[in-house]
Amino acid sequence: MSKLGNLGARLHRGEISYDFVGKRKIWYGISILITITAIVGLAVRGLNMGIEFQGGAVFTTPTGMSTSVAQAEGYAKDASGHEAVVQKLGNGSLRIQIAGIDTDKSDQIKQTLAKDLSLNPEKLNADLVGPSWGEQIASKAWQGLGIFMVLVVIYLAIAFEWRMAIAALVALIHDITITTGIYALVGFEVTPGTVIGLLTILGYSLYDTVVVFDSLKEQTKDITKQTRFTYSDIANMSINGTLVRSINTTVVALLPVAGLLFIGGGFLGAGTLNDISLSLFVGLAAGAYSSIFIATPLVADLKEREPEMKALRKRVLAKRAQAGTEADNADLRTAGGADDATPAVVGPRDQTAPRNRGRGRTSGKRR
């Protein structure tokens, strides 16, 4: 068995464990710090919305262009008065994207660009995107996200309980905030592919959370009929029991996404892959983190507020204190018995010594 598999088996059997729930304040603090950073990034830099959301024009040149990306960006900025995003496609053509321009001026911009690029205007393909279409996409995306959240809460409240539904909702909001904040800080363009990736990572995050919740629900049946473990203890065991599985599924999902982001988008220069691959990469990592360090500890916090769980905690702690006292008394008795054993042995030996000394002597009467 591999080392990771052996570790997973030992975690599942409870032979070793890490106190995730006990250190929950540390995880909460880290998450709050990351979330604040993401919110500040959104407030200061904002999202770099793609042309699909702002409206504008996309110009595509013929293949075999010798013009560099930097030169094309300068030409587009001079022609339109707006910043342009230029990408060199695999066939050697250039994709020039200018957002926020009036579509009525697209013909004038096309003529100017064609002149600067030494092209026939008929060979410069132009696709126009109206801002109303982008607003419609954004509106539908928010609607889909809201419906998804509501359905998640309803499902988890029915399948598990409302506390788990609240914890899962907090974890999902945590993942969305971090992912969008990273987009703002990095400056990657937000496109419909980004929205698709964002909705996809919510499903992955929810999957990891539900796996832990299912284990927790199974192990907390009739929890009040025993006095060995508190709810937090069992929650911690559930996290440790599913830890290796969560790590394995996350790593397997991250590997192809990392290939798209770092190799396809970074090394090979396929910038069109960045919009969806970054959201998937950040979202998958944040989802794995939130399911372990946020969702389950938060459920334990909410459950420990119940009167039954408070009473159970008192009984468990009282039993542990009693067991500790009995163990200390047993140690004292053992230590005391060892000290008393020496005089008990010495006494009889001292008593037999006079009899042994008198055996070789004759009595007075025989004289």
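The values are calculated or read from the model by the stated rules, or taken from the named source; none is laboratory data. For clarity, every value in this text was computed on a predicted model and none was experimentally measured. With ideal geometry, Cβ positions are generated from the backbone for all residues, glycine too; neighbour counts draw on all protein chains shown. We work out accessible area using only protein heavy atoms, side chains counted, and drop any ligands, DNA or RNA first. Shrake-Rupley method; radii C 1.70, N 1.55, O 1.52, S 1.80 Å.
Note on ILE263 and LYS319: the extension gain reaches 14.4 nm, defined as 0.36 nm multiplied by sequence separation minus the Cα-Cα distance.
Surface exposure of the stretch 10-124, expressed per residue as accessible area with a 1.4 Å probe, stands at 57 Å².
Starting from 0.36 nm per residue, how many nanometres of slack lie between GLU122 and ALA327 once their C-alpha separation is accounted for?
Numbers: separation 205, 0.36 × 205 = 73.80 nm, distance 9.16 nm.
That works out to 64.6 nm of additional length.
On a 24 Å Cα-Cα criterion, which of the cross-link pairs LYS88/LYS140; LYS77/LYS105; LYS23/LYS225; LYS77/LYS123 come out too long? Could the numbers behind the result be given before it?
Working: LYS88/LYS140 31 Å; LYS77/LYS105 14 Å; LYS23/LYS225 27 Å; LYS77/LYS123 20 Å.
Where the Cα-Cα span goes over 24 Å, the pairs concerned are LYS88/LYS140; LYS23/LYS225.
The stretch 70-85 and the stretch 185-229 have Cα centres spaced 44 Å apart. Per residue, the convex hull spanned by the Cα atoms of the stretch 51-149 measures out at 104 cubic angstrom.
At a Förster distance of 22 Å, what's the computed FRET efficiency of VAL186 paired with ASP78, Cβ-Cβ distance as r, to 0.05? Could the numbers behind the result be given before it?
Numbers: r = 27 Å, r/R0 = 1.23.
Rounded to the nearest 0.05, the efficiency is 0.20.
Relative contact order for the stretch 94-210: 16 percent, from Cα pairs under 8 Å spaced at least 6 residues apart, divided by residue count.
Shape class of the stretch 105-262 from the alpha-carbon gyration tensor: prolate, with a/c at 1.5 or above and a/b greater than b/c.
For the stretch 302-329, the residues whose backbone nitrogen is under 14 Å from a point 7 Å from the Cα of THR220, taken along Cα to Cβ, are 302-313. Rounded to the nearest 0.05, the FRET efficiency derived from the C-beta distance between ARG45 and ILE173 at R0 = 22 Å is 0.60. Compared with the direct C-alpha span, the chain from LYS105 to GLN87 gains 4.3 nm at full extension, assuming 0.36 nm per residue.
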